[in-house]
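Quick notes on the structure that follows.
The values are calculated or read from the model by the stated rules, or taken from the named source; none is laboratory data. Computed from a predicted structure; not experimentally measured. Quick reminder, even Gly has a Cβ in these numbers, built from the backbone with ideal geometry, and neighbours come from all protein chains shown.
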Amino acid sequence: MTASESLGKDLLGLEQLSSDQIRLILDTAEPFKEISERAIKKVPTLRGSTIVNLFFEASTRTRISFEFAEKRLSADTVNVASSGSSVSKGETLVDTARNLEAMRIDMVVIRHGASGAARFLAERIESNVINAGDGTHEHPTQGLLDMLTLRDRFGKLAGLKVCICGDVLHSRVARSNIWGLKKMGAEVAVCGPRSLLPNAIDDFGVTVFDHIEDGIQWADALNILRLQLERMHSGYIPSLREYNRVFGVSRERLARAPKDLLILHPGPMNRGVEIDSDVADGPHSVILNQVTNGVAVRMAVLYLLAGGRPELAEAAKGGGGR
């Protein structure tokens, strides 16, 4: 069985992946980390492949991370944003993708505001599709890079206690982390105001904390989510100041924890709202490690979907590129 077959044609979410498939991606990402540390940050692994980044929502970190991953594997990349494209003239998602596919592309990385958009596209085109975030559904590569960062620091995922704090309701990152971490044997909790938790949160199989202090006492690591104000209408929280007072992760709160907690945040951060600057920049923060690991994880996903064999990833990093 090839790596491509074991991972499937597309990466749409972590809910449908097995623990072995998640481990495959994380293990394949390890040898790709070294590429980003060398003088010539390029290998010829995907030379000749064409990858389209189709972003219907504004993005900086995810889009740039995918571009770095693609270019470090020597793929040809094309960036398409909905503004200024035929989409703004009324062209449908499928028409856009089929026209791109007619130009003989190999993969599509898609971010879209509608939940299920990535699956909708994957079922209608032959190219590989990677979900870079769809509505409030999933953001699988962010979940994977968070897990890689946790595994780097703790040496394992099984048995870890990870508390996801903040705006779980609007967060596709939270869902990918919940599915992925649970499959890998971690214990997962969520913490936030009830107005920012999904109505069906009890069906997710997670512990729910109503007070940030309780989550801090319980956890080994906190994954702190941004308040997605652009997705909110009035009524979710009284004010940003009040949210920070009740749920903000501060140095004072962390000082009362029974152990040093690892601090993650998918970014971008609302400093002084869900996380204080001295926590984000503090000694236990791995936020920049997450960014670094994001490139390696996305390289691994691209490599595996292109048919790369995991046992050859170590050898693949050895090739030079121009």
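Whenever a residue of segment 270-281 is over 16 Å from Ile212 (Cβ atoms), its partners that are among the aliphatic types (A, V, I, L, M), lying with C-beta atoms within less than 8 angstrom and at least six residues away or across chains, give the pairs Arg271/Ala280.
Can you list the helices (runs of 4 or more DSSP H) lying wholly within segment 248-315 that have 2 or more residues being touching a helix residue (DSSP H, G or I) at 6+ places or on another chain (Cβ under 7 Å) and buried (at least 22 other Cβ atoms within 10 Å of the Cβ)? Ranges flagged: 287-305. For segment 112-150, a residue qualifies if it is in a helix (DSSP H, G or I) and under 15 Å from the mean Cα position of the chain (by Cα), and the qualifying residues are Ala118, Pro140, Thr141, Gln142, Gly143, Leu144, Leu145, Asp146, Met147, Leu148, Thr149, Leu150.
One residue stands out in segment 55-95 among those that are modelled with pLDDT under 95 and in a helix (DSSP H, G or I): the one that is surrounded by the fewest Cβ atoms within 10 Å (Cβ to Cβ), namely Lys89.
The set of residues in segment 4-35 being touching a Phe, Trp or Tyr at 6+ places or on another chain (Cβ under 8 Å) and among the small types (Gly, Ala, Ser) consists of Gly13 alone. No other residue among Arg104, Arg98 is more than 19 Å from Ala174 (Cα to Cα), surrounded by fewer than 17 Cβ atoms within 10 Å (Cβ to Cβ), more than 21 Å from the chain's Cα centre (by Cα) and at pLDDT 90 or above apart from Arg104. One residue stands out among those in segment 160-205 that are buried (at least 21 other Cβ atoms within 10 Å of the Cβ) and charged (D, E, K, R): the one that is farthest from the chain's Cα centre (by Cα), which is Asp167.
Taking the numbered list (1) crowded, with 20+ Cβ neighbours inside 10 Å; (2) more than 16 Å from Ile275 (Cα to Cα) in turn, Val208 passes all entries but (1).
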